[in-house]
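Taking it in order: structure first as structure tokens, then the write-up.
Every read-out reported here was derived from the displayed coordinates using simple, explicitly stated rules and does not represent laboratory data. Since the structure is predicted, the reported quantities are computational estimates derived from the model, not experimental observations. Counting neighbours? That spans all protein chains shown, and the Cβs are built from the backbone with ideal geometry, glycine included.
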Amino acid sequence: MAHISLTEGLPGIRGPMTFSPETTKPLAELAQVLLTGPHTLTPAEREMIATYVSSQNDCLYCQSCHGSTAAQHLGGKDGDYEFIAEMKRDFEGTSLSPKMKALLNIAGKVQQGGKNVTTSDVERARREGATDKEIHDTVLIAAAFCMFNRYVDGLGTWQPSDPEIYREIGQQTSSQGYVKRDYGKPLEAIAAKQRGANS
């Protein structure tokens, strides 16, 4: 049960976003700019950064939502979801580009604490072709998702384990982004289970 009164049936950040519309707008706009705006990193790559940081923070909702969104950007097949799970476990052992591995290394250091990022971490990313803008935005995405993770977990929000819920969220986010979403609209995956339980 959440620590404050949130709308029942809205998982994760959806409850707080509906509770506080005045803060929802800037938070959604920040996510939109960081994860979907024009960039040399693809939306899938930026979602992977958000996913990895969220997994390191042990935020089930955020790592599942953004992992699903990344998988949808990659094609939405079971293999894409398996790749994201592998990336969370050991990104260095995946087929990701050396540049993405270097950026995920920086993101992981930010998750531990900003001062853990070293000159050698940045030099590694530059050697692999990362631009200053890509390094900047990797740090900002990682820092922002530490905030989002703590927002979701600090309020004790409901974080379901059903992968179909997160698959639906990933499909929505990959097609609609973050600003045009109705965070108060019930998810069909949840509604279908409620109908089944009542029938």
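Worth a mention:
- Of the residues making up region 117-176, just one is buried (at least 20 other Cβ atoms within 10 Å of the Cβ), touching a Pro at 6+ places or on another chain (Cβ under 8 Å) and not in a helix (DSSP H, G or I), namely THR157.
- Enumeration of residues in region 34-45 that are crowded, with 18+ Cβ neighbours inside 10 Å and in a loop (DSSP other than H, G, I, E, B): LEU41
- Looking only at region 46-101, and only at residues there that are on the phi > 0 side of the Ramachandran plot and not acidic (Asp, Glu), the one that is surrounded by the most Cβ atoms within 10 Å (Cβ to Cβ): GLY76
- Looking across ILE165, ILE141, ILE190, one residue alone is under 18 Å from ALA50 (Cα atoms), touching a residue at least 12 places away in the same chain (Cβ under 8 Å) and not charged (D, E, K, R). It is ILE141.
- Boolean, GLU22 is assigned to a helix (DSSP H, G or I) and surrounded by fewer than 19 Cβ atoms within 10 Å (Cβ to Cβ): yes
- Which numbered condition THR69 misses (of (1) in a helix (DSSP H, G or I); (2) free of Cβ contacts under 8 Å to residues at least 60 places away in the same chain; (3) among the hydroxyl-bearing types (Ser, Thr, Tyr)): (2)
- Residues of region 124-172 satisfying the condition of being aromatic (Phe, Trp, Tyr) and closer than 21 Å to ALA71 by Cβ: PHE145, PHE148, TYR166
- Test for ALA70: is it out of contact with any helix residue (DSSP H, G or I) (no Cβ under 7 Å at 6 or more places or on another chain), aliphatic (A, V, I, L, M) and under 16 Å from LEU104 (Cβ atoms): no
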